[in-house]
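Below you'll find the structure, written out as structure tokens, and then a few comments.
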Amino acid sequence: MGKKSTSEIKIEGETSLFSERIRRAQKASRSGNWRAFKEIFQEDKKDLLKDLDLFKNTAINVATRSDSPQLLKELLEMLSEQERWVAFTKKSCEGNTLLHEIALICKVVEMADVVLDFEKKMPWPLPEAAAEEEEEEEEKGRPLLERKNSKGETPLFRAAKYGNLKMVIQLAKAAAAQPQSDMKIHLRSDTRTILHASINVQSFDVALWIILRMDGTSLVTERNKNGLTCLQLLARMPTAFRSHYQMTSLSNLIYNLLPDERYEIEGYDSFELFRPSSTDLETGHQHDAKPPTSGLSRINYAAWKYLAKVFLGIDSVWKRKKRHQLAERLAKFLVKNDYSWQASYNHIKKTLVILPSVVYNVAKRKKQVERKEEKRQEREDADDDDQDPDKQEKKHHYDNHTPLLVAASNGIIEIVELFLEEHPESVNHVSEDEQNILHMAVKHRQLEIFKLLKKNPSFDTLVTRISRENRTVLHQVARMDYYRAAHLAGSAFQLQDELKWYKRVEEVVPRHQHLHCDHMRLTAGDVLDIEHDQMLADAQSWIKQTAESCSTVSVLVATVVFAAAYTIPGGSEGGTPVFLRSPVFIFFTVMDVVALAFSLASVVMFLSILTSPFELWDFHKSLPRKLNIGFAFLFCSLTTTMLAFSATILLTIKLQWKHWTSTLVYSAAFFPVTIFGLIEFPLYMMLPSLFFKVYKKTMKVIPIDRAVKRCYCRRVQRATYL
């Protein structure tokens, strides 16, 4: 047959796919009028098996959206046994049966019971005429719980995939009553298990239930199509844990005051849901999900539950806390059963210090490195063509690290602590590319993990590890492969943060490794210069523009306050100011002088920035400190200028102190200062930390006990002398 013309397609498209009765049923279902929906199909029961929408869903499938078991039961009773089996097994466009739709949509678990009860009453074997065209050959005779859609998902898998815990529990009970051939529920398209599916959507309550109630311990070591275990998948979700949840002070207070356990999960009592079963006793896993026993704790829980209903903010914080606790509980179980860290590649490597390159120009060194990297990449590509698939798979397996290293790279301190507590020796685990946990924490800039490892007795051993590419820990922190920009005010402060990281690691790395070269014959200092070349250029441009703009403002303020010093409010008589004895005039004079001093001081600070050489290590302390101090002086000069302006208004107009007009003048005077302060607030937030660091360094030079002892000795000497 030839192609249809455009006019023929148009005429065919204009023909209605649905009868008048079906269109009335569509309107009734969309309006939620399920009584009228049922009455429509009582007119002709054969329409129950016809397509009701463009997704090839029948009226029986659409009726599941009502969450009414009684309606579904009445509609199914209208059909004969053969027609009923057709309704059960007929698939939509996505290959979903009726039970698949119930597993996804329904919140009332009795909807699944209705279908499963009818299935039990079906006569077996079914007549050959029943659903002969509807069923696939491989699925004939299979129970509904074992049937898969076009994605290879059973109804139980589908319920777990979308986090419907109620339905998972109900379908699992039904599956336990009739022995299944494949209770691991793997997908046909890949090897993702039901446990992977629940963790992937962060339904940790479902994952815990699968492990503890469905004997899911065998699924813990299974891998998905990307070669990831369940713990590796969880370790890639830092936002699921408390350590990565940023909150305001009020939210943090509420978070800590909320009960540790909400005691209900999707309408189920959590103690009943997660109480230890035979599987827990075998694995030695004990849960801490206990209901409130004392009267005070019950009152506290009831009070917070009432507040959560009234205030949506409290409810969202509580749900997030529950998710954090479930994630940590799941991680605890998975870590206990994870032994991937035992495969450690601790090769003995001879530490050879190679002298660095004699080319000191950063741009030229960068070009040399790029040329070497291109040649190395060409050689690897040529080798890949000759290598067998097993070697290629092993080569690309380097990035698929163990859960411990993945958690360290993502800064999930809860999982790392669980590993170090449950498996202390896991701290010495080395990956196939010969990187340890310190390498991962440093190159991903995870400060909390770094601090945790510094307290570990094996820290000295971790520091000396050299990777497969001959890189030390210092090389890893100098590279920007995994750099994530911090929430800082500008490029200069971002570069300062990078230099602080380098110094922090340099202090713990042995001195003999500072000149160690990697496979590109580069020291860590060379890598730092080359990798941060563009960031240095951005920081130079940003700090120059900022200093120029702020120095212009400072000069303008200095000009204004200098002119105001010679324009005396109220005039003068015989060279003596008229308001000389007024306290407001004294206040104006002091504020004007202070404003001039601060503005000129800020000009000096900004000019010192503009005359700096802008070298890399100038951004470690010198330039950011000058910029912070300059901003502080500029802010003080603006504040005192506004105060002098307010004093001038009070002197010339003579406003009453407690009159509303005075308040209006003060507000208008301080409006520019407030705007400026809010805009530059991130920069001012750095000042307290700067002063605190200076104080700490001073205390390190002269410790408190030494200072007190010295003062005491001096007093004793004076008393003896007298």
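The value for segment 395-531 of Rg(Cα) / (2.2 N^0.38 Å) is 1.02. Measuring between alpha carbons in the structure, the pairs from Lys166/Lys305; Lys309/Lys336; Lys166/Lys319; Lys319/Lys451 lying more than 28 angstrom apart are Lys309/Lys336; Lys319/Lys451.
Counting only other residues whose beta carbon sits under 12 Å from that of Met122, what net charge do I get with K and R as +1, D and E as -1? For residues surrounding Met122, the net value is -1.
Packing here is the average count of other Cβ atoms within 10 Å per residue, and on that basis the peptides 493-502, 419-428, highest first, run 493-502, 419-428.
Simple point charges give the picture: +1 on the Cβ of Lys and Arg, -1 on the Cβ of Asp and Glu, and for segment 395-531 a dipole about the Cα centre of about 340 debye. Pair-distance distribution P(r) for segment 455-547, from all Cα-Cα distances in 10 Å bins starting at 0: 16, 43, 28, 11, 2 percent.
Packing here is the average count of other Cβ atoms within 10 Å per residue, and on that basis the peptides 586-597, 610-621, highest first, run 586-597, 610-621. Residue order for Asp113, Asp526, fewest other beta carbons within 10 angstrom first, comes to Asp113, Asp526. Among Ser554, Ser458, Ser16, the order by Cβ neighbours within 10 angstrom, fewest to most, reads Ser16, Ser458, Ser554.
Rule-based calculations on the coordinates, nothing more; no lab input. All values reported here derive from a predicted model rather than from experimental measurement. No Cβ is skipped: glycine too gets one built from the backbone with ideal geometry, and neighbour counts run over all protein chains shown.
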